Amino acid sequence: MNQALENLKTRGFFKQCTDEEGLSRLMDEGPVTFYVGCDPTGPSLHIGHMVPFFALRHLRDAGHVGIALIGGGTARIGDPSGKTEMRKMLSYEQLDANAESIKAQLDRFIGFDDVHAKTANNKDWLANLNYIDFLRDIGSHFSVNRMLSFEAYKMRMETGLSFIEFNYQLLQSFDFLELYRRYGTRLQIGGDDQWGNIVAGHELIRRIEGVDVFGMTFPLVTTADGKKMGKTEKGALFLDPSITSPYDFFQYWRNIQDADVKRFLLMFTFVPVEECETLCAPGKNPNEAKERLAWEVTALIHGKEEADKALAGAKAAFGGGGDKSAMPTVEIARARFEAGYNIVDLFVDTELAPSKSEARRLVQQGGAFVTDPEDGTLKAITDITALITIDSIDKDNELIIRSGKKRFCRIVIK
């Protein structure tokens, strides 16, 4: 098997392929141009979107040519795959702004040099399509019965599938055809929820151009307990640091389950396979592998400086030295503590609890901790009427509080 393809399989980037042996032979012959798409339905990608882009970098590093397709055109409709209801329609102006934001995020991660890695926006060929011509030239190649056999459409038929969404597969297939015509693209990659759309594009090119192209999908990543990968208490793990801070991003990876460490090291870092095996070997401390994973992914997304700061903050929070200033920090006026700061209000105001009812539950269940100014240890507060006073502030005019086992906040008194 082709070495680049074998590497993807070893690292967990393989679920289905339209013709694995044929793709392997094509890759052996020389560089293959391939693409992966994403729709700009929001201003930021989250980590779940990034699996195909990690695969893009592996293939690019093996000498192939990757195209990141921003779906400025397809996002005007919305992909029904994996959705139980129709997406909210966004204005064209908002979609354009989202597309630019996502392109910048991908550029930082991939590095578009227009030689080994390119970017394109399908708005360029979809926005001004003639509908009648499109139906005659493209729609005539699609079978409604065949389309309804794909899982994405079968699921939505139960809850309601709009006609506009039904067109999505035609447009994504047309993307593949257009990228083949423009760049000689022979491979489309994506998550396994895109299998039906990818196969449709593969068949469209074969019918119109008489050329063999290929499609390959990756598993949809879940954690060991079956939860959707990248989901946190605050929602999805976004790449935008204004939505998910680099510290919180780091902490997500640092706190994953032991059973997920090796798999995530292989998929979400470029640490060599042999080193991943060593880090996760039997008898090894899994926390060392988790720390390495957290640093590597944070450095890839936010840069090495932010990864170092997040690591230092984590070490400070968990009592292993480090730099407290790198922890999530808020400033609160001294007067609040002089008057006595209710424990419930404190946890809500520092966003360690989303509401007062959640904060009360946290306190009553023994999950609210405040540092003792004398020895620096964290002490549980179980009384919802407790007041945190100026006596709790340490010599550095600071106070550290913790929610549960993993979420910290450093309070600087002003």
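Every number in this text was worked out from the coordinates using simple rules, so none of it is lab data. Because the structure is predicted, anything quoted here is derived from the model rather than measured. Cβ placement follows ideal geometry from the backbone for every residue including glycine, while neighbour counts extend to all protein chains displayed.
Numbers below:
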read-out: Ranked Asp345, Asp383, criterion: other C-beta atoms within 10 Å, fewest first; value: Asp383, Asp345
read-out: Cross-link pairs beyond the 32 Å C-alpha cut-off, checked among Lys284/Lys405; Lys231/Lys284; Lys228/Lys414; Lys123/Lys262; value: Lys228/Lys414; Lys123/Lys262
read-out: Using θ = phi - 60° and Karplus 6.51 cos²θ - 1.76 cosθ + 1.60, couplings along the range 2-15 (whole Hz; Gly, Pro as x); value: 3, 5, 5, 5, 4, 5, 4, 5, 4, 8, x, 9, 7, 10
read-out: Residues of type aspartates and glutamates that Lys406 reaches as a straight line, Cα spacing below 15 Å, ignoring anything fewer than 8 places off in the same chain; value: Glu233, Asp248, Glu291, Glu351
read-out: 5 angstrom amide H check on Phe214, placed H, neighbours 5+ away; value: Leu187, Gln188
read-out: Residue-averaged [θ]222 nm for the chain, counting only DSSP H segments that reach four residues, each worth -39500 (n - 2.57); value: -13000 deg cm²/dmol
read-out: Nonlocal amide H pairs with Asn342, under 5 Å, H built at 1.01 Å; value: Ile388
read-out: The chain, relative contact order [Cα under 8 Å, separation at least 6], %; value: 14 percent
read-out: Karplus-derived HN-Hα couplings along the range 62-74 (A = 6.51, B = -1.76, C = 1.60, θ = phi - 60°), whole Hz, x at Gly and Pro; value: 8, x, 8, 10, x, 10, 9, 9, 8, x, x, x, 5
read-out: Calculated FRET value between Val211 and Lys103, using beta carbons and R₀ = 25 Å, to 0.05; value: 0.30
read-out: Residue-span extension gain [Asp345 to Gln94] - 0.36 nm each, minus C-alpha spacing; value: 86.7 nm
read-out: Between 0 and 90°, nearest 10: helix 168-183 axis offset from the chain longest Cα axis; value: 70 degrees
read-out: Relative contact order (%) - the range 329-413, alpha-carbon pairs under 8 angstrom, separation at least six; value: 37 percent
read-out: Square roots of 5 times each gyration tensor eigenvalue, C-alpha, the chain, largest first, Å; value: 46, 25, 18
read-out: Leu387-Val330 pseudo-label distance in nm [points 7 Å out on the Cα-to-Cβ vector]; value: 2.0 nm
read-out: Exposure proxy ranking, count of Cβ atoms within 10 Å, fewest first, for Asp28, Asp248; value: Asp28, Asp248
read-out: Rounded, prolate or oblate (a/c below 1.5 giving rounded, otherwise prolate when a/b exceeds b/c) for the range 323-414 by Cα gyration tensor; value: rounded
read-out: Nitroxide proxy distance, nm - points 7 Å out along Cα→Cβ at Arg25 and Leu220; value: 3.3 nm
read-out: Sorted by Cβ density within 10 Å, fewest first, the residues Ser403, Ser242, Ser149; value: Ser242, Ser149, Ser403
read-out: Rounded FRET efficiency, nearest 0.05, which uses the C-beta distance separating Asp114 from Gln16 and R0 of 30 Å; value: 0.50
read-out: Per-pair calculated FRET efficiency, R0 = 35 Å: Asp124 and Thr232 via Cβ, rounded to 0.05; value: 0.50
read-out: Virtual spin-label span in nm between Asn287 and Leu378, 7 Å along Cα→Cβ; value: 1.3 nm
read-out: Candidates per trypsin sites (Lys or Arg not before Pro) in the range 181-288, loop by DSSP, up to 15 other Cβ within 10 Å; value: Lys227, Lys234, Lys284
read-out: Under Karplus coefficients 6.51, -1.76 and 1.60, residue-wise ³J(HN,Hα) of the range 111-118 in Hz, glycine/proline x; value: x, 7, 9, 6, 10, 9, 9, 10
read-out: Anchor Lys118: lysines whose Cα lies under 18 Å away (excluding residues fewer than 8 positions away in-chain); value: Lys103
